[in-house]
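> Submitted below is the structure of interest, expressed as structure tokens.
The values are calculated or read from the model by the stated rules, or taken from the named source; none is laboratory data. Since the model is a prediction, treat every value here as computed from it, not as a measurement. Cβ atoms come from the backbone with ideal geometry, glycine included; neighbour counts cover every protein chain shown. Surface areas here come from the heavy atoms of the whole protein model, side chains and all, with no ligands, DNA or RNA. Shrake-Rupley method; radii C 1.70, N 1.55, O 1.52, S 1.80 Å.
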Amino acid sequence: GVGSIIENDVNLATSTDDGSSCLIIGFNVRPEMRAQATAEQQGIAIYTHNVIYDILDQVTERMKLLLDPVYIEDYQGKAEC
């Protein structure tokens, strides 16, 4: 939504998942004091950025951590008898 990060945003984050992997990302905003306190109690991380590219980099890195590694077998040559 638009505006400051409020306590309702934190409550929404905790209700949508088990709460352990939730985070709130804000662009050019700050959390209200009650929202910050509730997030700390619930173990929800709040990240704020002023540059949109920083958000994209952070989300990309977090998504990479969720993916299983892909192993690709690269053949260098073939031997025949």
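> Suppose the filter is in a helix (DSSP H, G or I) and touching a Ser or Thr at 6+ places or on another chain (Cβ under 8 Å); does V10 pass it?
Here the answer is yes, as V10 does meet what is asked.
Every residue, every condition in (1) open to solvent by less than 70 Å² (accessible area, probe 1.4 Å); (2) part of a loop (DSSP other than H, G, I, E, B); (3) among the charged types (D, E, K, R); (4) at pLDDT 90 or above, yes or no:
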{"site": "Q36", "(1), (2), (3), (4)": "yes, no, no, yes"}
{"site": "A39", "(1), (2), (3), (4)": "yes, no, no, yes"}
{"site": "I55", "(1), (2), (3), (4)": "yes, no, no, yes"}
{"site": "M63", "(1), (2), (3), (4)": "no, no, no, no"}
{"site": "D68", "(1), (2), (3), (4)": "no, yes, yes, no"}
{"site": "Q76", "(1), (2), (3), (4)": "no, yes, no, no"}
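> Got a number for residues in the range 15-35 being touching a residue at least 24 places away in the same chain (Cβ under 8 Å) and over 21 Å from M63 (Cβ atoms)?
6
> Inside the range 41-53, can you point out the residues that are surrounded by fewer than 12 Cβ atoms within 10 Å (Cβ to Cβ) and either of a type in the set (A, V, I, L, M, F, W, C) or within 11 Å of the chain's Cα centre (by Cα) (or both)?
Of everything in the range 41-53, those that are surrounded by fewer than 12 Cβ atoms within 10 Å (Cβ to Cβ) and either of a type in the set (A, V, I, L, M, F, W, C) or within 11 Å of the chain's Cα centre (by Cα) (or both) turn out to be V51, I52.
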